[in-house]
Structures are given as structure tokens and as C-alpha cells.
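Working notes, structure below.
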Amino acid sequence: MSKRCPSCRTVVDDDASVCPNCPWIFPDEMTSARMEKTVPAPWSPLPMLILAGVALAIAGGWIVFVKTVGRSDREPPAAPQSALAPAVPAAIPEAPPQKAAEAARHPVVPAPEADDAALVAVPVVKSAPAVKEWRLRGHVYDLMTLKPVTRCAVILSDLETDKRFETATDDAGLYRAILPSLPGRGYSIRLAQADYVPTYVDPATLDVPRKPAAERRHLCRELATAVRELAALQPPGLAPLVTDFYLAPLSCL
């Protein structure tokens, strides 16, 4: 018997395993029989549907579980029944008829409730700036003629530290001084001019120029015999302190 090569259509012997005309290899009979008998099973979608159903069931159960747990976390705990129950006011005993009539004639007016917090306005006090220097100025006048006293020595002293500062009046009888400030005290002042008594009229004396000549002459005699008391000059702040002095001339004694 013979068979034909499926590749080149050459007729070969039945027991030939290789085609002599082309490289075709004939399969043996056992292999062909097994291939003919092996039939692939038909495809079915049932397993995939089962797996998909199981997956959907698991996912649905997980979503329900997450929503339930989240809602329980957000909800506040329920208040106890005793807290929710309305408070029942205590029964007020009725007053006797006599006391009730007296209370009706003299009603009790409740006192006004005090505020929880009283508002107190506290004034803000600004501290004065520190003054490092004092400015002193003024004039020295003749007590009798009321004319300026020129070239009069003005001696300012700190009695606590024995420091002295000296200046003099100009042709207009004006003196000026810039001194270091003193804490809690002032500078004592002395006046010296050869033609005048060193004691001067108290700077607090008012209207010296308006006093009559006889009264001013009387002041001159008092200054000549009075014990010398030095005035203390202490400016109140940054503004200059203006102080005028009146000296008694030796000619009026």
C-alpha cells in the first residue's frame, strides 16, 4: 500500500516515515490515533459566573460593615434617662391665711441681681520722660531802683555732693544756667555783688516792683539784718525755670 505526502503530493510507501521529496515527517499511527481520539471539551461560562457572584457578595458585605461602623462612631452616646426627664419643681407649702394677707399688703420686691463682673475704668497714667538737664534763668534787680544788676555772681550748689556751678549776669541783669538734674532735690543759689547785701528777697514774694518805695526801703533794712536763707531751685520738668531776684543796695542802709 502507498500514501501520499500532504506537502508535495508525492506517493510514498505506507511504512515510510519521511518524504523522500520534501522534509515532511509522517507521524506514526499511534500518535495519529491519540490525536483523533482527543477531543477538546466545550467551553462553559458557569465557573466565571460563580466566581463573580462570590466576589460581589463579599464586596457588598464589606460595604455594609463599613457604613455601620462609621455611623456608630459619629452618633453621640445616648443621654441617661434620668438626665432627659424634666425636673419636677418642689411643692411650695401654702402660707397660713394671716401670713398670706400680710404678705399681700407688704409685697417683697426682689433685689436686683448683681452683675457677674463689674467694669472698672482704670486711667492710663503715662510716665513723664526722664529729664537729664535742668535749665535755669532769670534776672537780678536792684530793690530800690528796680534796675538790672550787672556782673552779679550767681552760684548754684548741690549741698548733698558739694558740687558748685557759677555764672554771672550780663548787661541786662540776665543769668542762664544748664545743670545736671538732681533726684528729689534742687540747687541752692547765692548772689554776690560788691555794692549789694548778699541776702536777697524771697523769690516767692509777689509784686515786688509794684510796692511803694517806702515799703521797699523797709525791705532793704530787713535784708541787712536778716539771717541769710538760700532758696532752692528745682525745675518741674523740661521747661526752663524762670526766677527773678531783688538785692538790697548798701546805699539804702
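The values are calculated or read from the model by the stated rules, or taken from the named source; none is laboratory data. Quantities reported herein were computed from a predicted structural model and do not represent experimental measurements. Don't worry about glycine lacking a Cβ; one is built from the backbone with ideal geometry, like all the others, and counts go over all protein chains shown.
Checking each residue in segment 195-209 for being charged (D, E, K, R) and over 16 Å from PRO148 (Cα atoms) picks out ASP202, ASP207. Would you check which residues across segment 125-157 are hydroxyl-bearing (Ser, Thr, Tyr), more than 50 Å from the chain's Cα centre (by Cα) and surrounded by 15 or more Cβ atoms within 10 Å (Cβ to Cβ) and list them? TYR141, the sole residue that qualifies.
Matching residues to (1) more than 24 Å from ARG135 (Cα to Cα); (2) exposed (fewer than 15 other Cβ atoms within 10 Å of the Cβ); (3) free of Cβ contacts under 8 Å to residues at least 24 places away in the same chain; (4) assigned by TED's automatic domain parsing to the domain that holds LEU174:
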residue	(1), (2), (3), (4)
PRO209	yes, yes, no, yes
ALA213	yes, yes, no, yes
ARG216	yes, no, no, yes
LEU219	yes, no, no, yes
ARG228	yes, yes, no, yes
PRO235	no, no, no, yes
PHE245	no, no, no, yes
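Return the residues of segment 158-187 that are in a strand (DSSP E or B) and either in contact (Cβ under 8 Å) with a residue 60 or more places away in the chain or within 47 Å of the chain's Cα centre (by Cα) (or both); say none if nothing qualifies. Once the filter is applied, which keeps residues that are in a strand (DSSP E or B) and either in contact (Cβ under 8 Å) with a residue 60 or more places away in the chain or within 47 Å of the chain's Cα centre (by Cα) (or both), segment 158-187 yields ASP158, LYS163, ARG176, ALA177, ILE178, LEU179, PRO180, TYR187.
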